[in-house]
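A quick write-up on the structure given underneath.
The values are calculated or read from the model by the stated rules, or taken from the named source; none is laboratory data. Being a predicted model, the structure only gives us computed values, none of them experimental. In this analysis, Cβ positions are derived from the backbone assuming ideal geometry, glycine residues included, and neighbour counts consider all displayed protein chains. Each accessible area value is taken on the protein alone, full model and side chains, heavy atoms only, with ligands, DNA and RNA left out. Shrake-Rupley method; radii C 1.70, N 1.55, O 1.52, S 1.80 Å.
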Amino acid sequence: NDSVSRHHATVIYEEGSYFLVDNHSTNGTTLEGIRLQPGEKGEVDNGYIITLGSESFQAQIERR
């Protein structure tokens, strides 16, 4: 998809939680319908909808 680059966003794991960070993308990153600002970090939970450009994904997080 041309609306998503290889460097669009990053998923990081910190202190037991996952976060999505927008890497100053051109076409935007949303988490549960809320657009992340460039460099902003948003916590991701199971079932959350992540949208990169025009592509959407549902987070599947398995806690042990």
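Solvent-accessible area assigned to carbon and sulfur over the chain amounts to 45 percent, based on a 1.4 Å probe. Counting only protein heavy atoms and a 1.4 Å probe, the chain has 72 square angstrom of accessible area per residue. Magnitude of the charge dipole for the chain, about its Cα centre and with charges confined to Cβ atoms of Lys, Arg (+1) and Asp, Glu (-1), is about 80 debye. Treat each spin label as a single point 7 Å out from the Cα along the C-beta direction, and report the Ala59 to Glu40 distance in nm. Output for this residue pair reads 1.5 nm.
Counting Lys and Arg as +1 and Asp and Glu as -1, what is the net charge of the other residues whose Cβ lies under 9 Å from the Cβ of Ser17?
Computed value for this residue: -4.
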